[in-house]
Each structure stands twice: as C-alpha cells, then as structure tokens.
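Only one structure is covered here, and it is reproduced in the block below.
Just so it is clear, none of the values below were taken in a lab; they were calculated from the coordinates. Just so it is clear, the structure is predicted and the values come from calculations on it, not from any experiment. Here Cβ is always computed from backbone atoms with ideal geometry, including for glycine, and neighbour counts include all displayed protein chains.
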Amino acid sequence: MSNKSLLLFLAILGCSDYSINKITEKPAPDIEVTPLEYSFSDLNVGETLGKDFLIKNVGNDKLYVHSIELVDESSSFYLRQENLDSLDPQEEFLLVVEYSPLTYSYDGAFIELESNDPDEPLVKILLNGTGSAPIIKVTPDYHDFNLIELGCEDDLTVTIENVGNVDLEISDIDYLANVPADMIIDDFFGILESLPTTIVPGGDIALNIGYIPLDTLNDASILKIHSNDPMTPVADAEQYGNGIYGNLHSETFYQDGISDVDILFVIDNSGSMLSNQVNLKNNFSSFISVFSSAGANYQIAFITTDNAEFVNGEVVTSMSPDPILSAESIIDSIGGRGSGVEKGIDYAYAAISPGGDAEPGGMLTRESARFVLIFVSDEKDYSTSWSAADLISKMASIKSSISMITAHAVAGDYPSGCASNGGAEFGAGYHDVVSAMMGTFLSICSNDWGIDLDEIARDSLSVNQFVLEHDAIEESISVMIDGIYSSDWIFEESTNSVILSITPIDGSEIVIDYASWSCR
C-alpha cells in the first residue's frame, strides 16, 4: 500500500471512532418507582394505614419532578410528602400514602408523577383499599300520605337496615311532629323501649307510624335515627299528609222555645233596694205573662243576698191559683232590713248545693227543666266564700249540658254603674256570672222594668241549644240565623250540639252546616 493510501485509511478510521463515542456517552435521567401498585388491607372506619413508595433516579443526569398528583374520588387516600423538585443520579425519595376509609366500600385511586425522564415522562401508581363500616338505610326516607278523610287512619312502616359489614348501633330515635300531633309513632315491637339496640349486617328493624287527621291543617313528622354510621350519624325519615272533610251535612232548626223552666231570683234586701223591689213587684206580671203565653211549665222561688232559704218557704208554679199575686206577695215580704254587705253569689251557691232549698231534685230544681238564676241588686257582690267561677262551675254540675243553665241580672251598668232612678253601683261579680253563661244583663236604672222583665223571660224560655244528627267536627261548623252567618256560638262535644250565645227570637230559622267524622 502506498503511503498516500495508508494516510487516507487512517483518516477514515479516525473519523468513524470519534462519531460513535459522542452518541453513547450522552447523559439522561431515569425515574424508577417501587411499587407501581399497592392494595391496602381491609380497614375499619377510623383506622389509618400508610405505605412508602420509593422514587429513585437511576439515570446519569438530574431528574426534575414537575408534579405529583393524587386522583381520588373516594377521598380516602392522603398523600404525605416533602417538596420534591428534583433528584440527582442515584438519589432516592420516599413518598408516603395513607389510606383511611370513610365507609364500607371498595376504594380506588392513582398517583401521577410527571418528570423530565425522556422515556417515561408520566408514571402512574395504582392504589386500592377496602373499608369496613356500618351503613344505615331508612326506607322510605320520605312519604306523603296525601289526602285522608278526617277521622280515618292510614299507617306506614319505616324500615331501618344495616347494609354495611359491621354491627350498626342505634343509640336513639327521636320522633317530632307538628301540633296538634295527628301522626304518632306506634312502637309495636318495643324498639324504642330497648334502645340502644344493635342491627347486624344485613339485618333490619321496623317502626310503624299511624296517621289519623283530626283537622284540615297540613301535617308533618320526622324520625331522627342516631347511630354509629360514620357517614350518616343522624338519618332522617320525613312524613307528610293532609286531612280533608268527608261527610258534609246541613240541618235546619226553628226557634220553638222550651216548656220546662225553674227560676231562682236572688234579691238584694238592703235598705237602698226598696224602690227597686217595688218596680220588680209592679212589673212581675210582664214576666209571668211570657211563660203563660208560651204554655211553659215554670217554677219560681226567691232568696236574698243574705239568706239562702226560699222567702216564705214558697215556690210559685204555673199550677198556682194566682201565680202573679203569689209572687208579688213574696216580693212584698222581702223588705230592706237585710245586710248591707250583699253576697248574692255565696247564697246562690248555698241554695243549689246539697241540703239547700234549690238543690237538684228538691222543691224547685227538676232534672228535665232549664235552671235560670236571676240577680237583682244595686250593689256589687261582696261574696267571700265562693267566686263567680265557682258558682258557674256549680251550676254546670247540676245539669247534663250548659244549655240547660243560664243566668241574668238586673244591676248597675257595666262598667261604672248608673245614676237615674236612684242610681246603682256597677254589679261586679254578677256581671261575670251572666257574661260567662251568655245571659242577659240589664240596667237596674231602667225606666221600664216591664220591657226588661219581658226580655229576661223570653231569654229564659228560648232554645239556644241544637243537637246535631251526626258526630260533628267543630272546625267545620257554620251557623246561619235567618240568612245571616253568626259566630256567636260554641260546640258542646259531650252532647254533639251547637249552643248559641245570643238566643234567636221566636220563629227564627237556624241552619247549621258541618262535616262529620268519616271513619268513626
């Protein structure tokens, strides 16, 4: 080989060696993660388990970590780490992952690591774990009874299940309902009495809720069940419903009056009352004539504001030879020498009490008759033994219905008395009795006692109680008197009757519309 050829060969060979060495020795980072997948063992809720993951740069150039991101929809995994920006060749870093389950479930997640590794710029670590816990399930958690006729009943079974894999401990059950409580919890199985109680996995208990609407208001109730379910420590179940009227009725009555009435006058016999006693005597015929015209079977007796015994021991009746003359004679004998401390309430109470002249079943007070109490006084009541409320209660106790008792008064005007015809102090005490018993309170200073006594007599005879044919719902009742709606009435449930506060005049038409209970 010539020298020239040798030099050319050496030149080519030298160029080839130089190119190969330059490619082989280029530095680069290389990420290595151990392990790339991990399954956490079963954990109870409240427990935590950690796992170390080794991140190492096995390359020959600096590894830059751009991001470490945990993707976890279950929120059961937690990433603990120091700031990791880079790793030199052969440098290591421990990434700690914790698993703490929130409920009974299979949980999965993954970690994404982005780096400048030219071969694996994105590395994923797969994670999974299983949590153990009790889980409460309430069925139904919402229920609408819809429209139920008043008095009818519907019921609902609420089931409480444990759909977890650990015992469910029910510590308490609260039941709340709006007032009036038409929804009630029926503890048929004694669950409420045995709290706290345990429901094993797959087990259940049942509660019954009954609904009987008694009005047309919206009804609601809620069960609040307290347990050891970590996700739902208080589970709710709501119930709703509405009552509606079922049976509608309309009844018409006419004012015809009553036939039997027993009347007890309580007359003030103090010195200032003489002229008033004369007025009562001179106009008593107006009072009696109302009863006679109505053909009523009446009995009348008199006591005073200081003595509970019948004046002259007499009872005037519709069968007396001359009722007007007999009554006038009794009034004449009362006089004005009685006590100046008038105690009409005390002596009226004593008269109708056992042993009194007006006791039930005695000379005056018949079981079938309405009992009427009439006070006549120009002073207030000074009673000390019994109050107006006591007398009202006592009168109510002697009859089966409050419609069978009433009270009237001729006394000093409310609230300051009156000045004409001798004047009078306000009849305090008597006014309370009359008002509570829906009677007639007239002025003792009136110029025409005849008209006043006529009014009291008519109010004593008129019917103000109307018994309904069907068991009525009080809230549904409407009353119309001669075509005009009235709100002056009460409903007496014990007799299923409407009692009017203002007695209709003779011949009045009373129309009562109402609904009755559907399922009673």
Helix 388-397: inclination vs the chain longest Cα principal axis, degrees, rounded to 10, gives 90 degrees
Stokes-Einstein, Kirkwood over Cα pairs, segment 387-520, 20 °C, 1.002 mPa s; D in µm²/s equals 129 µm²/s
Expressed in nanometres to one decimal, the distance between label points 7 Å along Cα→Cβ at D215 and S401 is 2.6 nm
Kirkwood calc, segment 84-171, C-alpha pairs only, radius in angstrom 18.9 Å
Length gained if V33 through S285 is fully extended, taking 0.36 nm per residue and subtracting the Cα-Cα distance, is 78.7 nm
One computes Rg over Rh for the chain from alpha-carbon atoms, with the Kirkwood Rh, and obtains 1.51
Partner lysines whose C-alpha sits under 20 Å from that of K343, ignoring same-chain residues fewer than 8 away, are K380, K394
Rounded to the nearest 10 degrees, the helix 323-334 long axis (Cα) sits at an angle to the longest Cα principal axis of the chain of 90 degrees
Given unit charges at Cβ for Lys, Arg (+) and Asp, Glu (-), the dipole magnitude of segment 136-244 about its Cα centre in debye, nearest 20, is 220 debye
Longest principal axis of the chain (C-alpha) makes with the long axis of helix 3-24 (C-alpha) an angle, in degrees to the nearest 10, of 20 degrees
With R₀ set to 60 angstrom, the calculated FRET efficiency between the beta-carbons of D119 and D174, to the nearest 0.05, is 0.45
For K26, counting only aspartates and glutamates whose alpha-carbon sits under 20 Å away and dropping same-chain residues fewer than eight positions off, the answer is D17, D61, D88, E91, D117, D119, E120
Only helices counted: for the chain, with every DSSP H run of 4 or more residues adding -39500 (n - 2.57) and the sum spread over all residues, [θ] at 222 nm is -5500 deg cm²/dmol
With +1 at each Lys and Arg Cβ and -1 at each Asp and Glu Cβ, the charge dipole magnitude of the chain around its Cα centre, to the nearest 20 debye, comes out at 600 debye
As straight-line cross-link partners of K51, the qualifying lysines (C-alpha separation under 29 Å, not fewer than 8 residues apart within one chain) are K62, K124
Scalar couplings 3J(HN,Hα) for segment 377-387 by Karplus 6.51 cos²θ - 1.76 cosθ + 1.60 (θ = phi - 60°), nearest whole Hz, x for Gly and Pro, are 7, 9, 10, 6, 7, 10, 4, 10, 8, 9, 9
The long-range amide H neighbours of V463, using H built 1.01 Å from N in the peptide plane and a cut-off of under 5 Å, are D256, G257, I258
Computed ³J(HN,Hα) along segment 64-80: with the Karplus parameters 6.51/-1.76/1.60, θ = phi - 60°, integer Hz and x for glycine or proline, the list is 9, 9, 7, 7, 10, 10, 9, 10, 8, 6, 7, 6, 9, 10, 9, 9, 10
Amide H contacts under 5 Å for E149, restricted to residues at least 5 apart in sequence or on another chain and with H modeled in the peptide plane, are I244
Note on the chain: contact order normalised by length, alpha-carbon pairs under 8 Å, 6 or more apart, percent, works out to 11 percent
